[in-house]
Amino acid sequence: MIPDTSGSALPDEPSIIITPASPAFFSERIHSLDVLRGIAILGALFISIWFFGGFSANEQNGLLLQSKGGNYRLWGTVDLLLNGKMRALISLVFGAGMVLFLSRKNSINETPVSDLFIRRQMWLMGFGLLNALVFLWSGDILFHLGVMGILLFPFVRFSSRSLLIASIIATLIFAGKNYWNYADDRTAYSKYTAVINYEKKLSKDSLLAAQNKLAVNNQKKDSLSKQQKEDKSAWEGIVASKKYDVKKNEDGLKEMRNGSFGKVWDYVLPTIQSREAQWTYTTGIWDLGGIILLGMALIKFGFLNTSFSRKKYLMIALAAIVVGLLLGWFRLQYHQYALHDYAKYVTGHRLPYDLFFPIERALLALGYTSLVLLMIRAGVLKFLWKSLAAAGKMALTNYLLQSILCSLFFAGFGFGYFGRLEQYQLYLVAAEICLIEIAFSIFWLRIYRYGPAEWLLRCLMYKKWLPNKLSGYKESSPTLIPYADELKLN
(Lines give C-alpha, C1' and ligand atoms only; values in the text may rest on other atoms or scores of the structure.)
Protein backbone atom coordinates (compact mmCIF):
# COMPACT_ATOMS: atom_id res chain seq x y z
CA MET A 1 0.00 0.00 0.00
CA ILE A 2 1.23 3.53 -0.72
CA PRO A 3 1.02 5.55 2.46
CA ASP A 4 -1.30 8.51 2.24
CA THR A 5 0.06 11.25 4.46
CA SER A 6 -3.42 12.57 4.99
CA GLY A 7 -4.29 9.56 7.07
CA SER A 8 -6.07 7.46 4.46
CA ALA A 9 -4.49 4.77 2.32
CA LEU A 10 -4.20 4.45 -1.40
CA PRO A 11 -5.24 1.28 -3.19
CA ASP A 12 -2.69 -1.46 -3.68
CA GLU A 13 -0.10 -0.63 -6.33
CA PRO A 14 2.43 -2.85 -8.06
CA SER A 15 5.85 -2.85 -6.50
CA ILE A 16 8.88 -1.68 -8.38
CA ILE A 17 12.37 -2.95 -8.39
CA ILE A 18 15.17 -0.42 -8.10
CA THR A 19 18.84 -1.23 -8.21
CA PRO A 20 21.14 0.72 -5.90
CA ALA A 21 23.11 1.94 -8.91
CA SER A 22 20.16 3.48 -10.66
CA PRO A 23 17.69 5.61 -8.69
CA ALA A 24 15.73 6.38 -11.84
CA PHE A 25 15.00 2.77 -12.78
CA PHE A 26 11.36 1.73 -12.50
CA SER A 27 10.60 -1.73 -13.80
CA GLU A 28 6.83 -1.23 -13.84
CA ARG A 29 4.45 1.65 -14.52
CA ILE A 30 0.75 2.28 -14.25
CA HIS A 31 -0.33 1.32 -17.77
CA SER A 32 -3.54 3.33 -17.67
CA LEU A 33 -1.67 6.56 -16.89
CA ASP A 34 0.69 6.00 -19.79
CA VAL A 35 -2.29 5.48 -22.10
CA LEU A 36 -4.05 8.62 -20.85
CA ARG A 37 -0.87 10.65 -21.18
CA GLY A 38 -0.40 9.43 -24.74
CA ILE A 39 -3.99 10.32 -25.65
CA ALA A 40 -3.62 13.78 -24.11
CA ILE A 41 -0.35 14.64 -25.86
CA LEU A 42 -1.43 13.39 -29.27
CA GLY A 43 -4.96 14.79 -28.95
CA ALA A 44 -3.66 18.22 -27.94
CA LEU A 45 -1.87 18.48 -31.30
CA PHE A 46 -5.22 18.63 -33.10
CA ILE A 47 -5.87 21.92 -31.28
CA SER A 48 -2.35 23.37 -31.30
CA ILE A 49 -2.17 22.69 -35.06
CA TRP A 50 -4.69 25.54 -35.46
CA PHE A 51 -2.17 28.07 -34.23
CA PHE A 52 0.91 26.46 -35.75
CA GLY A 53 -0.84 26.36 -39.13
CA GLY A 54 -2.38 29.83 -39.11
CA PHE A 55 -6.00 28.84 -38.46
CA SER A 56 -6.47 31.79 -36.14
CA ALA A 57 -9.19 32.59 -33.63
CA ASN A 58 -10.39 35.23 -36.08
CA GLU A 59 -10.93 32.61 -38.78
CA GLN A 60 -12.67 30.35 -36.27
CA ASN A 61 -15.02 33.22 -35.45
CA GLY A 62 -15.74 33.55 -39.16
CA LEU A 63 -16.78 29.90 -39.32
CA LEU A 64 -18.95 30.29 -36.26
CA LEU A 65 -20.69 33.29 -37.83
CA GLN A 66 -21.17 31.33 -41.06
CA SER A 67 -22.89 28.51 -39.14
CA LYS A 68 -23.06 26.19 -42.13
CA GLY A 69 -20.91 24.08 -44.39
CA GLY A 70 -18.46 21.26 -43.87
CA ASN A 71 -15.69 23.44 -42.44
CA TYR A 72 -18.04 24.83 -39.81
CA ARG A 73 -19.19 21.37 -38.75
CA LEU A 74 -15.64 20.01 -38.71
CA TRP A 75 -14.32 22.87 -36.61
CA GLY A 76 -17.31 22.76 -34.26
CA THR A 77 -16.82 19.02 -33.69
CA VAL A 78 -13.11 19.36 -32.95
CA ASP A 79 -13.68 22.36 -30.70
CA LEU A 80 -16.46 20.64 -28.79
CA LEU A 81 -14.59 17.37 -28.28
CA LEU A 82 -10.98 18.49 -27.86
CA ASN A 83 -10.50 22.21 -27.27
CA GLY A 84 -9.39 22.66 -23.67
CA LYS A 85 -10.16 19.02 -22.88
CA MET A 86 -6.74 17.65 -23.84
CA ARG A 87 -5.02 20.34 -21.77
CA ALA A 88 -7.27 19.31 -18.92
CA LEU A 89 -6.36 15.64 -19.44
CA ILE A 90 -2.65 16.52 -19.35
CA SER A 91 -3.23 18.42 -16.11
CA LEU A 92 -5.23 15.55 -14.62
CA VAL A 93 -2.44 13.02 -15.23
CA PHE A 94 0.07 15.58 -13.98
CA GLY A 95 -1.76 15.77 -10.65
CA ALA A 96 -1.76 11.99 -10.33
CA GLY A 97 1.96 11.97 -11.04
CA MET A 98 2.63 14.46 -8.27
CA VAL A 99 1.05 12.15 -5.70
CA LEU A 100 2.91 9.09 -6.98
CA PHE A 101 6.26 10.85 -7.21
CA LEU A 102 6.03 12.34 -3.74
CA SER A 103 4.83 9.04 -2.22
CA ARG A 104 8.22 7.44 -2.77
CA LYS A 105 10.28 6.25 0.16
CA ASN A 106 13.88 7.35 0.31
CA SER A 107 16.74 4.93 0.10
CA ILE A 108 19.79 5.40 2.30
CA ASN A 109 21.79 8.53 1.34
CA GLU A 110 19.28 9.37 -1.38
CA THR A 111 18.36 12.99 -2.03
CA PRO A 112 15.01 13.76 -0.34
CA VAL A 113 12.11 13.18 -2.71
CA SER A 114 10.75 16.67 -2.06
CA ASP A 115 14.07 18.19 -3.20
CA LEU A 116 14.05 16.02 -6.31
CA PHE A 117 10.51 17.08 -7.09
CA ILE A 118 11.24 20.81 -6.82
CA ARG A 119 14.39 20.33 -8.87
CA ARG A 120 12.39 18.51 -11.52
CA GLN A 121 9.78 21.27 -11.63
CA MET A 122 12.44 23.92 -12.10
CA TRP A 123 13.96 22.00 -15.00
CA LEU A 124 10.48 21.46 -16.44
CA MET A 125 10.05 25.24 -16.49
CA GLY A 126 13.34 25.40 -18.37
CA PHE A 127 12.09 22.90 -20.94
CA GLY A 128 8.97 25.04 -21.30
CA LEU A 129 10.98 28.18 -22.00
CA LEU A 130 13.04 26.25 -24.55
CA ASN A 131 9.83 25.05 -26.20
CA ALA A 132 8.42 28.57 -26.33
CA LEU A 133 11.46 30.70 -27.13
CA VAL A 134 13.46 28.34 -29.37
CA PHE A 135 10.84 26.02 -30.86
CA LEU A 136 8.38 28.96 -31.05
CA TRP A 137 5.33 27.32 -29.51
CA SER A 138 3.47 30.23 -27.91
CA GLY A 139 0.91 27.85 -26.37
CA ASP A 140 3.48 25.88 -24.36
CA ILE A 141 2.18 24.21 -21.20
CA LEU A 142 5.42 22.83 -19.72
CA PHE A 143 6.39 26.10 -18.07
CA HIS A 144 2.99 26.40 -16.42
CA LEU A 145 3.04 22.80 -15.20
CA GLY A 146 6.42 23.48 -13.63
CA VAL A 147 5.04 26.51 -11.81
CA MET A 148 1.83 24.77 -10.74
CA GLY A 149 3.70 21.75 -9.41
CA ILE A 150 5.60 24.00 -7.02
CA LEU A 151 2.51 25.99 -6.00
CA LEU A 152 0.41 22.87 -5.35
CA PHE A 153 3.21 20.90 -3.68
CA PRO A 154 1.63 21.15 -0.17
CA PHE A 155 -1.71 19.78 -1.39
CA VAL A 156 -0.25 16.31 -1.86
CA ARG A 157 -0.76 15.75 1.88
CA PHE A 158 -4.50 16.38 1.62
CA SER A 159 -7.01 13.54 1.72
CA SER A 160 -8.80 12.49 -1.45
CA ARG A 161 -12.01 14.17 -0.32
CA SER A 162 -10.25 17.43 0.54
CA LEU A 163 -8.53 17.44 -2.84
CA LEU A 164 -11.83 16.92 -4.61
CA ILE A 165 -13.38 19.84 -2.72
CA ALA A 166 -10.35 22.02 -3.52
CA SER A 167 -10.66 21.06 -7.19
CA ILE A 168 -14.33 22.05 -7.27
CA ILE A 169 -13.57 25.37 -5.58
CA ALA A 170 -10.75 26.18 -8.04
CA THR A 171 -12.99 25.29 -11.00
CA LEU A 172 -15.80 27.49 -9.69
CA ILE A 173 -13.34 30.35 -9.21
CA PHE A 174 -12.26 29.91 -12.83
CA ALA A 175 -15.91 30.10 -13.89
CA GLY A 176 -16.33 33.13 -11.62
CA LYS A 177 -13.43 34.88 -13.34
CA ASN A 178 -15.19 34.40 -16.67
CA TYR A 179 -18.26 36.01 -15.16
CA TRP A 180 -16.25 38.90 -13.68
CA ASN A 181 -14.63 39.57 -17.06
CA TYR A 182 -18.07 39.64 -18.63
CA ALA A 183 -19.32 41.94 -15.88
CA ASP A 184 -16.47 44.29 -16.77
CA ASP A 185 -17.67 44.24 -20.39
CA ARG A 186 -21.19 45.08 -19.28
CA THR A 187 -19.84 47.97 -17.21
CA ALA A 188 -17.77 49.16 -20.17
CA TYR A 189 -20.89 49.12 -22.35
CA SER A 190 -22.85 51.12 -19.77
CA LYS A 191 -20.13 53.77 -19.75
CA TYR A 192 -20.05 53.73 -23.55
CA THR A 193 -23.81 54.31 -23.83
CA ALA A 194 -23.51 57.19 -21.36
CA VAL A 195 -20.87 58.80 -23.56
CA ILE A 196 -22.96 58.24 -26.70
CA ASN A 197 -25.99 59.84 -25.02
CA TYR A 198 -23.83 62.79 -23.99
CA GLU A 199 -22.57 63.15 -27.57
CA LYS A 200 -26.15 63.16 -28.82
CA LYS A 201 -26.99 65.88 -26.33
CA LEU A 202 -24.01 67.96 -27.47
CA SER A 203 -25.06 67.52 -31.09
CA LYS A 204 -28.62 68.52 -30.29
CA ASP A 205 -27.48 71.60 -28.31
CA SER A 206 -25.14 72.65 -31.16
CA LEU A 207 -27.98 72.32 -33.66
CA LEU A 208 -30.29 74.45 -31.51
CA ALA A 209 -27.56 77.03 -31.06
CA ALA A 210 -26.99 77.21 -34.81
CA GLN A 211 -30.68 77.55 -35.45
CA ASN A 212 -30.90 80.41 -32.92
CA LYS A 213 -27.68 81.93 -34.32
CA LEU A 214 -26.02 81.75 -30.91
CA ALA A 215 -22.24 81.90 -30.70
CA VAL A 216 -20.57 79.08 -28.86
CA ASN A 217 -17.47 80.60 -27.33
CA ASN A 218 -16.50 77.81 -24.95
CA GLN A 219 -15.47 74.88 -27.16
CA LYS A 220 -14.74 72.67 -24.13
CA LYS A 221 -18.43 72.33 -23.53
CA ASP A 222 -18.84 70.75 -26.96
CA SER A 223 -16.12 68.12 -26.56
CA LEU A 224 -15.64 64.91 -24.58
CA SER A 225 -13.46 64.77 -21.53
CA LYS A 226 -10.38 62.54 -21.44
CA GLN A 227 -12.21 59.97 -19.31
CA GLN A 228 -15.19 59.91 -21.65
CA LYS A 229 -12.90 59.33 -24.62
CA GLU A 230 -11.25 56.46 -22.77
CA ASP A 231 -14.62 54.94 -21.90
CA LYS A 232 -15.70 55.15 -25.53
CA SER A 233 -12.50 53.66 -26.94
CA ALA A 234 -12.50 50.88 -24.32
CA TRP A 235 -15.83 49.49 -25.52
CA GLU A 236 -14.92 49.96 -29.17
CA GLY A 237 -11.75 47.94 -28.51
CA ILE A 238 -13.77 45.14 -26.89
CA VAL A 239 -16.14 44.98 -29.85
CA ALA A 240 -13.25 45.02 -32.33
CA SER A 241 -11.57 42.10 -30.56
CA LYS A 242 -14.71 39.99 -30.95
CA LYS A 243 -15.50 40.82 -34.56
CA TYR A 244 -14.49 38.77 -37.56
CA ASP A 245 -12.20 40.82 -39.78
CA VAL A 246 -11.15 39.46 -43.18
CA LYS A 247 -8.00 41.62 -43.23
CA LYS A 248 -7.04 40.88 -39.65
CA ASN A 249 -4.71 37.99 -40.50
CA GLU A 250 -2.74 39.64 -43.30
CA ASP A 251 0.06 40.95 -41.08
CA GLY A 252 0.38 37.63 -39.30
CA LEU A 253 0.60 35.71 -42.57
CA LYS A 254 3.32 38.03 -43.84
CA GLU A 255 5.41 37.83 -40.68
CA MET A 256 5.10 34.06 -40.16
CA ARG A 257 6.04 33.34 -43.77
CA ASN A 258 9.21 35.39 -43.44
CA GLY A 259 12.30 33.34 -44.18
CA SER A 260 14.22 34.82 -41.25
CA PHE A 261 14.01 32.98 -37.93
CA GLY A 262 14.79 36.24 -36.13
CA LYS A 263 11.87 38.09 -37.67
CA VAL A 264 9.46 35.25 -36.94
CA TRP A 265 10.81 35.17 -33.38
CA ASP A 266 10.26 38.93 -33.01
CA TYR A 267 6.66 38.53 -34.17
CA VAL A 268 5.69 35.70 -31.79
CA LEU A 269 7.70 36.97 -28.80
CA PRO A 270 4.99 39.32 -27.41
CA THR A 271 2.48 36.45 -27.47
CA ILE A 272 4.95 34.16 -25.72
CA GLN A 273 5.70 36.76 -23.06
CA SER A 274 2.00 37.32 -22.42
CA ARG A 275 1.34 33.59 -22.20
CA GLU A 276 4.26 32.76 -19.91
CA ALA A 277 3.63 35.74 -17.62
CA GLN A 278 0.20 37.39 -17.60
CA TRP A 279 -1.81 34.30 -18.53
CA THR A 280 -0.10 32.26 -15.83
CA TYR A 281 -1.28 34.33 -12.87
CA THR A 282 -4.56 35.67 -14.28
CA THR A 283 -5.95 32.47 -15.78
CA GLY A 284 -3.48 29.58 -15.76
CA ILE A 285 -3.44 29.14 -12.01
CA TRP A 286 -7.17 28.34 -12.09
CA ASP A 287 -7.26 26.77 -15.56
CA LEU A 288 -4.66 24.17 -14.59
CA GLY A 289 -4.96 24.16 -10.81
CA GLY A 290 -8.48 22.80 -10.57
CA ILE A 291 -7.75 19.85 -12.88
CA ILE A 292 -4.39 19.06 -11.26
CA LEU A 293 -6.15 18.84 -7.90
CA LEU A 294 -8.75 16.59 -9.50
CA GLY A 295 -6.00 14.28 -10.74
CA MET A 296 -4.55 14.13 -7.21
CA ALA A 297 -7.95 13.20 -5.84
CA LEU A 298 -8.64 10.55 -8.48
CA ILE A 299 -5.36 8.71 -7.92
CA LYS A 300 -6.03 8.64 -4.18
CA PHE A 301 -9.57 7.38 -4.75
CA GLY A 302 -8.10 4.55 -6.85
CA PHE A 303 -10.00 5.74 -9.92
CA LEU A 304 -6.95 5.97 -12.20
CA ASN A 305 -5.68 2.50 -11.31
CA THR A 306 -8.64 0.76 -13.02
CA SER A 307 -9.75 -0.44 -9.58
CA PHE A 308 -13.36 0.72 -10.00
CA SER A 309 -15.98 -1.66 -11.37
CA ARG A 310 -16.93 -1.51 -15.04
CA LYS A 311 -20.39 -0.32 -14.09
CA LYS A 312 -19.01 2.66 -12.18
CA TYR A 313 -16.70 3.61 -15.03
CA LEU A 314 -19.57 3.37 -17.50
CA MET A 315 -21.93 5.47 -15.40
CA ILE A 316 -19.30 8.16 -14.78
CA ALA A 317 -18.34 8.23 -18.46
CA LEU A 318 -21.92 8.57 -19.70
CA ALA A 319 -22.93 11.22 -17.17
CA ALA A 320 -19.78 13.33 -17.56
CA ILE A 321 -19.67 13.19 -21.36
CA VAL A 322 -23.38 13.93 -21.86
CA VAL A 323 -23.40 16.91 -19.47
CA GLY A 324 -20.07 18.17 -20.82
CA LEU A 325 -21.29 18.07 -24.42
CA LEU A 326 -24.50 19.90 -23.49
CA LEU A 327 -22.47 22.65 -21.82
CA GLY A 328 -20.26 22.80 -24.90
CA TRP A 329 -23.30 23.20 -27.14
CA PHE A 330 -24.50 26.04 -24.91
CA ARG A 331 -21.10 27.75 -25.20
CA LEU A 332 -20.89 27.55 -28.98
CA GLN A 333 -24.52 28.55 -29.51
CA TYR A 334 -24.30 31.67 -27.37
CA HIS A 335 -20.82 32.51 -28.62
CA GLN A 336 -22.40 32.71 -32.05
CA TYR A 337 -25.02 35.16 -30.75
CA ALA A 338 -22.28 37.29 -29.18
CA LEU A 339 -20.30 37.44 -32.44
CA HIS A 340 -23.31 38.64 -34.42
CA ASP A 341 -23.89 41.65 -32.15
CA TYR A 342 -21.96 41.83 -28.89
CA ALA A 343 -23.75 44.97 -27.71
CA LYS A 344 -27.09 43.24 -28.16
CA TYR A 345 -25.78 40.15 -26.38
CA VAL A 346 -24.51 42.19 -23.42
CA THR A 347 -27.83 43.97 -23.00
CA GLY A 348 -29.88 40.79 -23.39
CA HIS A 349 -27.87 38.20 -21.42
CA ARG A 350 -26.70 38.36 -17.84
CA LEU A 351 -24.31 35.40 -18.22
CA PRO A 352 -21.27 35.08 -20.51
CA TYR A 353 -21.25 32.35 -23.13
CA ASP A 354 -18.08 30.84 -21.63
CA LEU A 355 -19.31 30.78 -18.03
CA PHE A 356 -19.50 26.99 -17.85
CA PHE A 357 -16.44 26.24 -19.97
CA PRO A 358 -14.28 25.29 -16.93
CA ILE A 359 -16.94 22.77 -15.89
CA GLU A 360 -17.43 21.57 -19.48
CA ARG A 361 -13.78 20.69 -19.99
CA ALA A 362 -13.41 19.13 -16.52
CA LEU A 363 -16.42 16.88 -17.11
CA LEU A 364 -15.31 15.83 -20.57
CA ALA A 365 -11.76 15.12 -19.39
CA LEU A 366 -13.23 13.00 -16.58
CA GLY A 367 -15.62 11.31 -19.00
CA TYR A 368 -12.89 10.48 -21.51
CA THR A 369 -10.70 9.14 -18.71
CA SER A 370 -13.48 6.94 -17.39
CA LEU A 371 -14.28 5.64 -20.86
CA VAL A 372 -10.66 4.73 -21.57
CA LEU A 373 -10.27 3.04 -18.17
CA LEU A 374 -13.46 1.08 -18.83
CA MET A 375 -12.12 -0.25 -22.13
CA ILE A 376 -8.72 -1.05 -20.63
CA ARG A 377 -10.40 -2.91 -17.81
CA ALA A 378 -12.61 -4.77 -20.31
CA GLY A 379 -9.51 -5.89 -22.20
CA VAL A 380 -10.54 -4.52 -25.60
CA LEU A 381 -8.29 -2.77 -28.17
CA LYS A 382 -5.14 -3.91 -26.38
CA PHE A 383 -2.88 -3.12 -29.33
CA LEU A 384 -4.20 0.47 -29.46
CA TRP A 385 -3.63 1.03 -25.76
CA LYS A 386 -0.14 -0.44 -25.99
CA SER A 387 0.74 1.94 -28.84
CA LEU A 388 -0.68 4.96 -27.01
CA ALA A 389 1.13 3.93 -23.83
CA ALA A 390 4.42 3.97 -25.73
CA ALA A 391 3.72 7.54 -26.83
CA GLY A 392 2.73 8.38 -23.25
CA LYS A 393 5.99 7.02 -21.84
CA MET A 394 7.80 9.48 -24.10
CA ALA A 395 5.32 12.33 -23.66
CA LEU A 396 7.92 15.03 -23.00
CA THR A 397 9.96 14.01 -26.04
CA ASN A 398 6.85 13.83 -28.22
CA TYR A 399 5.55 17.17 -26.99
CA LEU A 400 8.81 18.93 -27.85
CA LEU A 401 9.03 17.04 -31.14
CA GLN A 402 5.59 18.32 -32.12
CA SER A 403 6.77 21.91 -31.70
CA ILE A 404 9.94 21.29 -33.71
CA LEU A 405 8.14 19.56 -36.60
CA CYS A 406 5.29 22.10 -36.74
CA SER A 407 7.61 25.12 -36.61
CA LEU A 408 9.76 23.72 -39.40
CA PHE A 409 6.76 22.77 -41.52
CA PHE A 410 4.68 25.94 -41.14
CA ALA A 411 7.06 28.86 -40.47
CA GLY A 412 8.77 30.75 -43.26
CA PHE A 413 12.27 29.68 -42.22
CA GLY A 414 11.10 26.09 -42.85
CA PHE A 415 8.65 24.93 -45.51
CA GLY A 416 6.42 28.01 -45.14
CA TYR A 417 2.99 26.37 -45.08
CA PHE A 418 1.62 28.84 -42.52
CA GLY A 419 -1.92 29.80 -43.52
CA ARG A 420 -1.76 27.79 -46.76
CA LEU A 421 -3.68 24.66 -45.74
CA GLU A 422 -7.38 24.04 -45.37
CA GLN A 423 -8.70 23.02 -41.98
CA TYR A 424 -9.03 19.33 -42.85
CA GLN A 425 -5.47 19.37 -44.20
CA LEU A 426 -4.20 20.64 -40.86
CA TYR A 427 -5.80 17.65 -39.17
CA LEU A 428 -4.17 15.33 -41.70
CA VAL A 429 -0.79 16.86 -40.84
CA ALA A 430 -1.54 16.38 -37.14
CA ALA A 431 -2.54 12.76 -37.74
CA GLU A 432 0.66 12.10 -39.67
CA ILE A 433 2.77 13.57 -36.87
CA CYS A 434 0.91 11.42 -34.34
CA LEU A 435 1.61 8.26 -36.35
CA ILE A 436 5.27 9.23 -36.66
CA GLU A 437 5.52 9.78 -32.91
CA ILE A 438 3.80 6.50 -32.05
CA ALA A 439 6.09 4.57 -34.39
CA PHE A 440 9.15 6.41 -33.10
CA SER A 441 8.15 5.77 -29.48
CA ILE A 442 7.62 2.04 -30.05
CA PHE A 443 10.95 1.71 -31.85
CA TRP A 444 12.90 3.81 -29.32
CA LEU A 445 11.56 1.96 -26.29
CA ARG A 446 12.74 -1.34 -27.71
CA ILE A 447 16.30 -0.10 -27.19
CA TYR A 448 16.08 2.53 -24.47
CA ARG A 449 14.23 2.74 -21.19
CA TYR A 450 13.32 6.44 -21.49
CA GLY A 451 12.84 8.90 -24.31
CA PRO A 452 15.68 11.37 -25.03
CA ALA A 453 14.05 14.30 -23.23
CA GLU A 454 12.89 12.11 -20.33
CA TRP A 455 16.40 10.73 -19.92
CA LEU A 456 17.91 14.23 -19.98
CA LEU A 457 15.39 15.44 -17.41
CA ARG A 458 16.36 12.59 -15.07
CA CYS A 459 20.06 13.26 -15.50
CA LEU A 460 19.48 16.91 -14.62
CA MET A 461 17.21 16.00 -11.73
CA TYR A 462 19.62 13.49 -10.16
CA LYS A 463 22.72 15.52 -11.14
CA LYS A 464 24.41 12.44 -12.54
CA TRP A 465 24.82 10.60 -15.83
CA LEU A 466 22.32 7.75 -15.89
CA PRO A 467 22.41 4.77 -18.27
CA ASN A 468 19.48 4.59 -20.63
CA LYS A 469 19.94 1.49 -22.77
CA LEU A 470 17.92 -1.48 -21.64
CA SER A 471 21.05 -3.60 -21.67
CA GLY A 472 22.74 -1.13 -19.32
CA TYR A 473 20.58 -1.94 -16.28
CA LYS A 474 21.47 -4.54 -13.71
CA GLU A 475 18.76 -6.06 -11.57
CA SER A 476 20.98 -7.60 -8.92
CA SER A 477 20.33 -6.93 -5.25
CA PRO A 478 16.91 -5.36 -5.81
CA THR A 479 15.02 -3.55 -3.09
CA LEU A 480 11.26 -3.12 -3.08
CA ILE A 481 9.68 0.29 -2.60
CA PRO A 482 6.16 1.55 -3.27
CA TYR A 483 5.39 2.34 -6.88
CA ALA A 484 6.20 5.88 -7.96
CA ASP A 485 5.27 6.71 -11.55
CA GLU A 486 7.55 9.52 -12.67
CA LEU A 487 5.33 11.04 -15.32
CA LYS A 488 7.15 12.34 -18.34
CA LEU A 489 5.14 15.52 -18.76
CA ASN A 490 4.41 16.25 -15.17
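Within the stretch 396-407, does at least one residue satisfy the condition of being over 22 Å from the mean Cα position of the chain (by Cα), open to solvent by 40 Å² or more (accessible area, probe 1.4 Å) and free of Cβ contacts under 8 Å to residues at least 40 places away in the same chain?
no
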Exercise for the section: Might you check whether a residue that is closer than 30 Å to Asp185 by Cβ, among the charged types (D, E, K, R) and in contact with a Pro (Cβ under 8 Å, 6 or more places away or on another chain) occurs anywhere in the stretch 281-304? Expected result: yes
Exercise for the section: For residues that are assigned to a helix (DSSP H, G or I) and either out of contact with any Lys or Arg (no Cβ under 8 Å at 6 or more places or on another chain) or closer than 30 Å to Thr306 by Cα (or both), tally how many sit in the stretch 338-376. Expected result: 26
Exercise for the section: With respect to Ser56, determine if the residue is open to solvent by 10 Å² or more (accessible area, probe 1.4 Å), modelled with pLDDT under 95 and of a type outside the set (Lys, Arg). Expected result: yes
Handout entry: Residue count, the stretch 264-276 (criterion: touching a residue at least 60 places away in the same chain (Cβ under 8 Å) and either within 15 Å of the chain's Cα centre (by Cα) or farther than 15 Å from Ser407 by Cα (or both))
Key = 4
Exercise for the section: Search the stretch 326-343 for residues that are closer than 15 Å to Ala240 by Cα and pair each with any residue that is at pLDDT below 90 and open to solvent by 40 Å² or more (accessible area, probe 1.4 Å) when their beta-carbon atoms are under 6 Å apart and the residues are at least 6 apart or on different chains. Expected result: Leu339/Leu65; Tyr342/Lys242
Practice task
With the checklist (1) within 24 Å of Leu133 (Cα to Cα); (2) not in a loop (DSSP other than H, G, I, E, B) in hand, flag the one item Phe383 doesn't pass.
Solution key: (1)
Completion exercise
In the set Ala411, Ala453, Ala390, Ala378, the lone residue that is surrounded by fewer than 19 Cβ atoms within 10 Å (Cβ to Cβ) and not acidic (Asp, Glu) is Ala378
Completion exercise
When restricted to Ser190, Ser160, Ser203, Ser138, the only residue under 18 Å from the mean Cα position of the chain (by Cα) and on the phi < 0 side of the Ramachandran plot is Ser138
Practice task
Test Ala240 against the criterion of being part of a helix (DSSP H, G or I), open to solvent by less than 40 Å² (accessible area, probe 1.4 Å), at negative phi and at pLDDT below 90, and give yes or no.
Solution key: no
Exercise for the section: Answer yes or no: is there a residue in the stretch 431-444 that is open to solvent by 60 Å² or more (accessible area, probe 1.4 Å) and assigned to a loop (DSSP other than H, G, I, E, B). Expected result: no
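Considering only residues of the stretch 125-167 that are among the hydrophobic types (A, V, I, L, M, F, W, C) and outside any helix (DSSP H, G or I), which is farthest from Ala395 (Cα to Cα)?
Let us first name the residues in the stretch 125-167 that are among the hydrophobic types (A, V, I, L, M, F, W, C), namely 125, 127, 129-130, 132-137, 141-143, 145, 147-148, 150-153, 155-156, 158, 163-166.
Okay, now just the ones that are also outside any helix (DSSP H, G or I), so 134-137, 141, 152, 158.
Details: Val134: 19, Phe135: 16, Leu136: 18, Trp137: 16, Ile141: 13, Leu152: 22, Phe158: 27 Å.
Ranking the qualifying residues of the stretch 125-167, first place goes to Phe158.
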Exercise for the section: Would you be able to tell me the number of residues in the stretch 325-350 that are of a type in the set (D, E, K, R) and buried (at least 17 other Cβ atoms within 10 Å of the Cβ)? Expected result: 1
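Rundown of residues vs (1) without any contact (Cβ under 8 Å) to a residue 60 or more places away in the chain; (2) aromatic (Phe, Trp, Tyr), yes/no style:
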{"residue": "Gly259", "(1), (2)": "no, no"}
{"residue": "Gly262", "(1), (2)": "yes, no"}
{"residue": "Gln278", "(1), (2)": "yes, no"}
{"residue": "Gly295", "(1), (2)": "no, no"}
{"residue": "Lys300", "(1), (2)": "no, no"}
{"residue": "Phe308", "(1), (2)": "no, yes"}
Exercise for the section: Identify all residues within the stretch 39-68 that are among the small types (Gly, Ala, Ser) and within 24 Å of Tyr417 (Cα to Cα); write none if there are none. Expected result: Gly43, Ala44, Ser48, Gly53, Gly54, Ser56, Ala57, Gly62
Exercise for the section: Quick one: Tyr353 ticks every box in (1) closer than 28 Å to Lys232 by Cα; (2) without any contact (Cβ under 8 Å) to a residue 40 or more places away in the chain; (3) under 26 Å from the mean Cα position of the chain (by Cα); (4) open to solvent by 70 Å² or more (accessible area, probe 1.4 Å) except a single one, so which number is it? Expected result: (4)
Practice task
Would you point out the residue of the stretch 87-111, among those that are at pLDDT 95 or above and open to solvent by 10 Å² or more (accessible area, probe 1.4 Å), that is nearest to the chain's Cα centre (by Cα)?
Solution key: Arg87
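Per-residue answers, yes or no, for (1) within 19 Å of Phe46 (Cβ to Cβ); (2) charged (D, E, K, R):
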site: Ala411; (1), (2): no, no
site: Tyr417; (1), (2): yes, no
site: Glu432; (1), (2): yes, yes
site: Arg446; (1), (2): no, yes
site: Pro452; (1), (2): no, no
site: Trp455; (1), (2): no, no
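For every residue, the table says whether it meets (1) in contact with a Phe, Trp or Tyr (Cβ under 6 Å, 6 or more places away or on another chain); (2) buried (at least 16 other Cβ atoms within 10 Å of the Cβ); (3) closer than 29 Å to Gly146 by Cα.
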site	(1), (2), (3)
Val246	no, no, no
Glu250	no, no, no
Gly259	yes, no, no
Tyr267	no, yes, yes
Ile299	no, yes, yes
Tyr313	no, yes, no
Ala319	no, no, no
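The values are calculated or read from the model by the stated rules, or taken from the named source; none is laboratory data. Keep in mind that this is a model prediction, so the values were computed, not measured. Cβ: placed from backbone, ideal geometry, glycine included. Neighbour counts: every protein chain shown. Please note that ligands, DNA and RNA were not included when accessible areas were found on the heavy atoms of the full protein model with its side chains. Shrake-Rupley method; radii C 1.70, N 1.55, O 1.52, S 1.80 Å.
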